[in-house]
Amino acid sequence: MSETAIPTLPNNTSNKPVAYRWVIFLLLIVISAGISGTGILTNTPHLSANDRSRWSTVWSLVERGTYQIDEIDANPQWQTIDKVRHEDHFYSTKPALLPTMVAGVYWGVKKTTGLNLLKNTTAVVRIILLLINWVPMIIALILLAKILDRHAKKMSTQVFILTAAGSATFLTTFLVTLNNHTVAATCLVFTLYPTIKIVAEGKRSAWYFICAGFFAMLTCTSELPAALFGLAIFIVLFLQDRKRTLCYFAPAAIIPLVGFFITTYLSTGGWKPFYMYYGTEKYRYIYKGVPSYWMNPSGIDANLESPPVYAMHCLIGHHGIFSLSPIFLLTIAAWVGGMLKQWKNDKLRPFYWMGLGLTVAVFAFYMTRTGNYNYGGNTCGLRWMFWLIPFWLLTMIPLLDKWESKRWLQIFVAVALLVSMFSALSPMKNPWRPPWLYNLMTDWKWINYRKPHPPLVPKLTTWFRSLPDLSDKNSYRWIELRSITPEGNIQRIRITDKGQTTENKQTLRRVEIKQTSFRLQGKKEILLATVTKEFKIDEKLFNEGKFPNEFLMTPATSKTEKEAAFAALRGLPFRKAYNAGPIRYIKTNLQEDSFRCQQASVGNLFHSNPKVWEERSRLRRDVWLCKDVPFGVLKTRLTVYHHKTKNVISVQEFVADKWGK
């Protein structure tokens, strides 16, 4: 494995001493490491459904010895939409190799520290992210600095590219979460460094071929469209040295490839990763009454855009490569320069062309996947292109070297770097959220990915939706909702249909609302208080969505008593119709399957004492409407907020747990 002496490039032509340059390089790397390290050590673990999906596999492998994630997915804090239903079990949609490797790291952390991913989530996640994201990225930055020191002629070029790599791309942003994109990008750098040594500098060490093969294939297994990259690296090295490529590169590349297929087979029972089954019954299923998210995706996942509009937003729109990271406009300019033969004598020319070809191919590939037009989901950038960022940065070298003294370029570079840094660093608390440009366009009403909620027809004016159908003898006539107070007492509300009555030749429906309070004594419920009220309702007016003061037939009582009756039916002490909300699925004790509900809400300021301005609060009533239960309500919640701080003062929630005829 000895090196063969072959003529190499002259040293960097920068007029700064090597020690001086490396002091600057290391300072930039330390700053970048500080930014990303701080992000990892201060962030909340499992930031989204995406990384929870991988963490669930990691936990299941170490704690249960299986790729099935049913047990951990049942925990509300770990639930994910990125899962499939396969042979009556849940599995992560993510390729299995990376979670399996991370599971090995978690096993080591658990054995050495005794920490558990469920009990010590924050500590375990941070330790693992430092090991698998942070340390490799620091090494990648050092290797990038070595490439720049060797092949960039101007120190300003070196400093700019290294600064951009460490603090102005979304690779820095995603270091705070478990993902495949930063892994692929660092493996790409680990591949390019030895490959450049071989191709541009004439080195022939076997270790360079081994490292190039291993990390090229690891890049491919981390980003499956990167298979083209692996093929391109193989061809480039094969043309350089057939023997070493076949003897060292190829066997090293087989290791990650075998690992990929073995873990895929162990997790799926076949050779295809689960995410390649998108759109099939593995993604589209109903489990315990709840359809999978992918049966009716919402928001940006709804896939409503045409290819031209989607491509525009991917390039210069709300998830645009160039609108969010304008530094990559320099890459475009450099590619144009390459087409004008400005790379003629550049030793890195094969890699510039490789970056261009891969970028076009990968972008075109994702443009053809019209069923997945969602910009990578709810995320701060076009994440499936991130792994190509090292190529884009290196391609800037000839352009910056040639034009670095131009005033116009200096101004553009400064502005582009600042915008790119803002885009990369502002979402570091959680990369799984829309970019700032997306939010800006939404505020300006240029875009709107929100699906309108199903309207409430007729309008809803009470905390329950309907009256039981008297013509159906088998229908349930009462439902009871239960709540536990902060003191541990139990409160129940039973709403019962008492049938019809006739008053003044008018047929009315009798509805009884009974409220009871209990104190728990062991397993016994000790009755504390009972309040029962009966309401006579004009069914026609109720079904038309009229307010209680219109459909409630009350005797000639005082105004205070009338207002109390109206408030009891509205659920709040003011007259206001409920607003339509989203569809939700609620699990109760009434049946095994969840109920399909529509959430509705109403809120307003409430003055408990109109003479004292400070004695006011904001009340909000939420109800979960369901046509499959008596009176059409499954759950209700009253929340009281401070009128200034908006802090929650109290919450009381009632959930149905009994019903009958």
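The values are calculated or read from the model by the stated rules, or taken from the named source; none is laboratory data. The model shown is predicted, which means the values in this text are computed figures rather than measured ones. Virtual Cβ from ideal backbone geometry, glycine too; neighbours counted across all protein chains shown.
Can you tell me which residue within segment 492-528, out of those that are over 47 Å from the mean Cα position of the chain (by Cα) and more than 16 Å from L552 (Cβ to Cβ), is modelled with the lowest pLDDT? So that I can check it myself, show each step before the final result.
Initial filter on segment 492-528 (over 47 Å from the mean Cα position of the chain (by Cα)): 498-510.
Filter once more, keeping what is more than 16 Å from L552 (Cβ to Cβ): 499, 502, 505.
Working: G499: 89, T502: 87, K505: 81.
This residue is K505.
Regarding K562, is this residue modelled with pLDDT of 90 or more, of a type outside the set (G, A, S), more than 43 Å from the chain's Cα centre (by Cα) and over 22 Å from V655 (Cβ atoms)? Working first, answer last.
Numbers: modelled with pLDDT of 90 or more: no; of a type outside the set (G, A, S): yes; more than 43 Å from the chain's Cα centre (by Cα): yes; over 22 Å from V655 (Cβ atoms): yes.
So K562 fails the test.
Residues checked against (1) buried (at least 17 other Cβ atoms within 10 Å of the Cβ); (2) modelled with pLDDT of 95 or more; (3) touching a Gly at 6+ places or on another chain (Cβ under 9 Å):
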| position | (1), (2), (3) |
| --- | --- |
| W408 | no, no, no |
| L418 | no, yes, no |
| F422 | no, yes, no |
| P452 | no, no, no |
| T461 | yes, yes, yes |
| K473 | no, no, no |
| L481 | yes, yes, no |
| E487 | no, no, no |
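Step by step: first the residues of segment 229-245, then only those that are surrounded by fewer than 16 Cβ atoms within 10 Å (Cβ to Cβ) and closer than 27 Å to Y366 by Cβ, then the one that is nearest to the chain's Cα centre (by Cα). Which residue is that?
Result: L231.
Does T80 meet the test of being assigned by TED's automatic domain parsing to the domain that holds T173, crowded, with 22+ Cβ neighbours inside 10 Å, in contact with an Asp or Glu (Cβ under 8 Å, 6 or more places away or on another chain) and within 27 Å of N378 (Cβ to Cβ)?
Numbers: assigned by TED's automatic domain parsing to the domain that holds T173: yes; crowded, with 22+ Cβ neighbours inside 10 Å: yes; in contact with an Asp or Glu (Cβ under 8 Å, 6 or more places away or on another chain): yes; within 27 Å of N378 (Cβ to Cβ): yes.
Yes, satisfied.
Which number in (1) part of a helix (DSSP H, G or I); (2) closer than 19 Å to I321 by Cβ; (3) within 24 Å of the chain's Cα centre (by Cα) marks the one condition that G357 misses?
Of the numbered conditions (1) part of a helix (DSSP H, G or I); (2) closer than 19 Å to I321 by Cβ; (3) within 24 Å of the chain's Cα centre (by Cα), the odd one out for G357 is (3).
Starting from residues that are assigned to a strand (DSSP E or B) and under 16 Å from I513 (Cβ atoms), keep the ones in segment 618-633 and report whichever is nearest to the chain's Cα centre (by Cα). Explain how you work it out, then say what you get.
We begin by selecting, within segment 618-633, every residue assigned to a strand (DSSP E or B); these are 618-625, 633.
From what's left, under 16 Å from I513 (Cβ atoms): 621, 623, 633.
Values: R621: 29, V623: 27, V633: 31 Å.
The qualifying residue nearest to the chain's Cα centre (by Cα) is V623.
If we keep just the residues of segment 634-661 that are over 31 Å from the mean Cα position of the chain (by Cα) and either more than 15 Å from L605 (Cβ to Cβ) or not assigned by TED's automatic domain parsing to the domain that holds L619 (or both), which is modelled with the lowest pLDDT?
This residue is K661.
Sort out which residues of segment 60-118 are among the basic types (K, R) and either assigned to a strand (DSSP E or B) or within 15 Å of K282 (Cβ to Cβ) (or both), and write them in order of number.
At the first step, the residues of segment 60-118 found to be among the basic types (K, R) are 64, 83, 85, 94, 110-111.
K83, R85, K94, listed by residue number.
Report yes if T501 is more than 28 Å from L619 (Cα to Cα), in contact with a Ser or Thr (Cβ under 9 Å, 6 or more places away or on another chain) and hydroxyl-bearing (S, T, Y), otherwise no. Steps first, answer last, please.
Details: more than 28 Å from L619 (Cα to Cα): yes; in contact with a Ser or Thr (Cβ under 9 Å, 6 or more places away or on another chain): yes; hydroxyl-bearing (S, T, Y): yes.
It is true that T501 is more than 28 Å from L619 (Cα to Cα), in contact with a Ser or Thr (Cβ under 9 Å, 6 or more places away or on another chain) and hydroxyl-bearing (S, T, Y).
Consider A311 against the criteria (1) under 29 Å from T191 (Cα atoms); (2) without any contact (Cβ under 8 Å) to a residue 60 or more places away in the chain; (3) buried (at least 17 other Cβ atoms within 10 Å of the Cβ): it satisfies all of them except one. Which criterion is unmet?
(1)
Criterion first (under 30 Å from H89 (Cα atoms) and either modelled with pLDDT under 90 or in a helix (DSSP H, G or I) (or both)) does I332 satisfy it? Let's see the steps before the verdict.
Working: under 30 Å from H89 (Cα atoms): no; either modelled with pLDDT under 90 or in a helix (DSSP H, G or I) (or both): yes.
Taking the combined requirement at face value, the residue does not satisfy it.
Could you look through segment 273-290, keep only residues that are of a type outside the set (A, V, I, L, M) and assigned to a helix (DSSP H, G or I), and pick out the one that is surrounded by the most Cβ atoms within 10 Å (Cβ to Cβ)?
Per the stated criteria, the residue is F274.
For every residue, the table says whether it meets (1) among the small types (G, A, S); (2) assigned to a strand (DSSP E or B); (3) without any contact (Cβ under 8 Å) to a residue 12 or more places away in the chain.
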| site | (1), (2), (3) |
| --- | --- |
| S475 | yes, no, no |
| E480 | no, yes, no |
| S483 | yes, yes, no |
| E487 | no, no, yes |
| R492 | no, yes, no |
| D497 | no, yes, no |
| Q500 | no, yes, no |
| R510 | no, yes, no |
| K514 | no, yes, no |
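If N579 satisfies all but one of (1) under 22 Å from E480 (Cα atoms); (2) surrounded by 12 or more Cβ atoms within 10 Å (Cβ to Cβ); (3) out of contact with any Asp or Glu (no Cβ under 9 Å at 6 or more places or on another chain), what's the number of the condition it fails?
(1)
Quick grid of which residues meet (1) in contact with a helix residue (DSSP H, G or I) (Cβ under 8 Å, 6 or more places away or on another chain); (2) more than 17 Å from R570 (Cα to Cα); (3) assigned to a loop (DSSP other than H, G, I, E, B); (4) in contact (Cβ under 8 Å) with a residue 12 or more places away in the chain:
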{"position": "L527", "(1), (2), (3), (4)": "no, yes, no, no"}
{"position": "T530", "(1), (2), (3), (4)": "no, yes, no, yes"}
{"position": "E534", "(1), (2), (3), (4)": "no, no, no, yes"}
{"position": "N549", "(1), (2), (3), (4)": "yes, no, no, yes"}
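What residue, among those in segment 219-239 that are in contact (Cβ under 8 Å) with a residue 24 or more places away in the chain and touching a Gly at 6+ places or on another chain (Cβ under 9 Å), is farthest from L356 (Cα to Cα)? Lay out the reasoning, then the answer.
Looking only at segment 219-239, we keep the residues that are in contact (Cβ under 8 Å) with a residue 24 or more places away in the chain, and these are 219-226, 228-229, 232-233, 236-237.
Adding the requirement that they be touching a Gly at 6+ places or on another chain (Cβ under 9 Å) leaves 219-221, 228, 232-233, 237.
Details: T219: 17, C220: 17, T221: 21, L228: 12, A232: 12, I233: 14, L237: 18 Å.
For segment 219-239, the residue satisfying everything is T221.
Kindly evaluate I316 against the criterion of being modelled with pLDDT of 90 or more, closer than 30 Å to Y449 by Cα and in contact with a Phe, Trp or Tyr (Cβ under 7 Å, 6 or more places away or on another chain).
Numbers: modelled with pLDDT of 90 or more: yes; closer than 30 Å to Y449 by Cα: yes; in contact with a Phe, Trp or Tyr (Cβ under 7 Å, 6 or more places away or on another chain): yes.
Against the criterion (modelled with pLDDT of 90 or more, closer than 30 Å to Y449 by Cα and in contact with a Phe, Trp or Tyr (Cβ under 7 Å, 6 or more places away or on another chain)), I316 qualifies.
Among the residues of segment 644-661, what is the count of those that are in a loop (DSSP other than H, G, I, E, B) and touching a Phe, Trp or Tyr at 6+ places or on another chain (Cβ under 9 Å)?
Taking segment 644-661 first, the residues in a loop (DSSP other than H, G, I, E, B) are 644-647, 661.
Still in the running and touching a Phe, Trp or Tyr at 6+ places or on another chain (Cβ under 9 Å): 647, 661.
Summing the residues that are in a loop (DSSP other than H, G, I, E, B) and touching a Phe, Trp or Tyr at 6+ places or on another chain (Cβ under 9 Å) in segment 644-661 gives 2.
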